[in-house]
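Step one of this worksheet: look at the structure below.
The values are calculated or read from the model by the stated rules, or taken from the named source; none is laboratory data. In this text the structure is predicted, and so the values were computed from the model without any measurement. Cβ placement follows ideal geometry from the backbone for every residue including glycine, while neighbour counts extend to all protein chains displayed.
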Amino acid sequence: MGETRPAESDEARPVRRVHLLAPFRAGIRFAGLLAWALVCFVALVCVSLLGLVSEAVSRKARGAVSRVWVRTMSRIMGTRITVHGTPPRPPFFLVINHLAWIDFFVVNVLCDAVCIVEAPVGRIRLIGALVKGLGSIFVHRVKEDTPRVNDLMVRAIEQGQSLLLAPETPETTFPRGSGVRLFRGGLLESAVRTGTAVHYLSLTYRTPPGYPPPSKVMIFGPNPFLRTPDGRIPESELKAFGPERSFLWHLIGVLALPWHEVIVTFGPEPITGTDRITLANRLHDGVERIFTPIE
């Protein structure tokens with residue numbers, strides 16, 4: 001997301017001890033993000049009217065608006081992207097490790113794809129409509145929803161669309177960002193059913209010297225969408241992140257940074273599997289081999 005650059009060596013930068021500009025930087029960027037989201041939302045509503053003539057044309061126009069929103073949003077936020085390897089050619093099925101909410105936006109800058117997204121995201125004002133414009137498939141965190149989502153993914157594959165999925169389990173026995181969590185195989189059934197080879201990549205983050213490390217500022221938690229049947233946040237999330245906190249203050253912290261870098265490493269070859277569990281394990285091992293833990 002944002003400025004996409006070829007891989008480069010990590011050069012030493014002077015440590016910043018006083019960050020007087022941080023509040024002003026965060027405020028200006030926040031206002032810019034909000035204004036840009038409003039502009040794109042209005043544009044999305046306008047192009048949706050094309051559905052009165054042709055739903056296909058309207059869908060394509062909505063996708064174009066949402067993709068412009070993603071690309072410009074990343075520039076406003078100060079996101080830098082460093083790429084190792086070569087993105088797959090469409091159509092593709094791509095899986096990633098999942099560290100932060102920015103992940104899907106970053107990958108969509110590099111590769112246009114239909115994202116598999118948590119259903120509550122679609123209900124967020126302004127943002128939900130723009131995410132829907134990308135053609136996202138929304139999934140509920142219940143086992144009963146898996147067949148429906150797999151059917152939608154199979155249909156997307158058969159229509160020649162690209163798919164983007166983060167199959168990591170939410171639970172972890174190690175600090176978030178220090179390793180790759182196990183992959184669930186449920187939604188990889190669509191790849192097995194269609195005989196589709198699955199590409200993979202790893203994501204990691206970097207922040208400027210003298211600022212909070214990415215493990216403290218880039219990763220948000222506990223996940224407010226991950227709850228037990230009685231509406232509580234799982235103990236594993238609370239243990240990893242502490243009490244529930246405001247996403248707004250987390251976002252302000254990200255925007256206060258001069259920049260943040262997302263390092264994307266693509267796997268060398270796609271992976272196939274005859275069953276979803278084997279495929280999930282092979283993809284996990286592939287991502288783990290190219291993953292760099294964050295600080």
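Note down all Cβ pairs under 7 Å where the first residue falls in the range 270-295 and is touching a residue at least 12 places away in the same chain (Cβ under 8 Å) and at negative phi, the second is polar (S, T, N, Q) and loosely packed, with under 14 Cβ neighbours inside 10 Å, and they're at least six residues apart or on different chains. That search, which allows pairs on different chains as well, returns 293/178. Among the residues of the range 191-216, the ones that are touching a His at 6+ places or on another chain (Cβ under 7 Å) and either surrounded by fewer than 17 Cβ atoms within 10 Å (Cβ to Cβ) or β-branched (Val, Ile, Thr) (or both) come to 1 in all. Only a single item in (1) within 22 Å of residue 283 (Cβ to Cβ); (2) under 16 Å from the mean Cα position of the chain (by Cα); (3) at pLDDT below 95 is not met by residue 273, and it is number (2). Quick check: anything in the range 141-149 out of contact with any helix residue (DSSP H, G or I) (no Cβ under 9 Å at 6 or more places or on another chain) and among the polar types (S, T, N, Q)? Checked against the condition, which is being out of contact with any helix residue (DSSP H, G or I) (no Cβ under 9 Å at 6 or more places or on another chain) and among the polar types (S, T, N, Q), the range 141-149 yields no hits at all.
Please state which one of 91, 120 is farther than 19 Å from residue 180 by Cβ and either at pLDDT 90 or above or not in a helix (DSSP H, G or I) (or both). It would help to see each step written out before you state the result.
Values: 120 fails: either at pLDDT 90 or above or not in a helix (DSSP H, G or I) (or both).
Criteria check complete, one pass: 91.
Can you name every residue in the range 32-63 that is more than 16 Å from residue 132 (Cα to Cα) and either polar (S, T, N, Q) or modelled with pLDDT under 90 (or both)? 50, 52, 53, 54 - these are the residues of the range 32-63 that are more than 16 Å from residue 132 (Cα to Cα) and either polar (S, T, N, Q) or modelled with pLDDT under 90 (or both).
Inspect all residues belonging to the range 198-207 and state whether any of them is closer than 17 Å to residue 177 by Cβ and part of a loop (DSSP other than H, G, I, E, B).
We begin by selecting, within the range 198-207, every residue closer than 17 Å to residue 177 by Cβ; these are 201-207.
Keeping just the survivors that are part of a loop (DSSP other than H, G, I, E, B) gives 207.
Yes: one or more hits.
For the range 42-67, a residue qualifies if it is exposed (fewer than 15 other Cβ atoms within 10 Å of the Cβ) and part of a helix (DSSP H, G or I), and the qualifying residues are 42, 45, 46, 49, 51, 52, 55, 56, 57, 60, 64. Answer yes or no: is there a residue in the range 244-253 that is surrounded by 21 or more Cβ atoms within 10 Å (Cβ to Cβ), of a type in the set (Asp, Glu) and at pLDDT below 95. No, that holds for no residue. Evaluate the range 51-71: report whether one residue or more is touching a helix residue (DSSP H, G or I) at 6+ places or on another chain (Cβ under 6 Å) and farther than 21 Å from residue 161 by Cα. No, that holds for no residue.
Within the range 179-203, being within 17 Å of residue 265 (Cα to Cα) and touching a helix residue (DSSP H, G or I) at 6+ places or on another chain (Cβ under 8 Å) holds for 179, 180, 198, 200, 201, 202, 203. Report yes if residue 219 is without any contact (Cβ under 8 Å) to a residue 60 or more places away in the chain, crowded, with 18+ Cβ neighbours inside 10 Å and part of a loop (DSSP other than H, G, I, E, B), otherwise no. Judged against the criteria, residue 219 is not a match.
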